[in-house]
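A.B. asks: Before I ask anything, here is the structure I am working with.
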Amino acid sequence: MAQDPELPDEQPDKDPLDTSHDLDMVPLYFSQTIEAESEAEVLRGVLESNGIPSSISDPPIYPNLGILIYVPRGRVEEALRVIEEHREGGPEAAAEAEAESEK
């Protein structure tokens, strides 16, 4: 019938469902400092710009409960490397990248 779903063999282009734990979101970064929320937003932006999906825990209701950044389990090593490269580059690298993007 027209309303019946298509059978699996009728959908050859469809990717199979990934049921591995590589997509489970795990904590990557935690901070309880005053600037934790703004630092987490910067790091999330760095991760996203490198194609690494991430999410931030909701801002705490009470001060100093902390902020968490989550990434997929299968991308933790890559995320740590990207953050380390970002920190090593410092403000000079950020200014250089911004100038390069404006050309």
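The values are calculated or read from the model by the stated rules, or taken from the named source; none is laboratory data. Remember, it's a predicted structure, so these values are computed and weren't measured experimentally. Note that each Cβ is placed from the backbone with ideal geometry, even for glycine, and that neighbours are counted across all protein chains shown.
A.B. asks: Assess whether residue 19 counts as being exposed (fewer than 11 other Cβ atoms within 10 Å of the Cβ) and either modelled with pLDDT of 70 or more or outside any helix (DSSP H, G or I) (or both).
C.D. replies: yes
A.B. asks: Further, regarding this structure: What pairs come up if the first residue lies in the stretch 35-56 and is of a type in the set (D, E, K, R), the second is assigned to a loop (DSSP other than H, G, I, E, B), and their beta carbons are under 6 Å apart, counting only those six or more places apart or on different chains?
C.D. replies: These pairs meet every condition: 37/59; 44/54.
A.B. asks: Kindly provide the set of residues from the stretch 41-77 that are at pLDDT below 90, of a type outside the set (Asp, Glu) and over 11 Å from residue 27 (Cβ atoms), ordered by number.
C.D. replies: The answer is 59, 60, 61, 62, 63, 64, 65.
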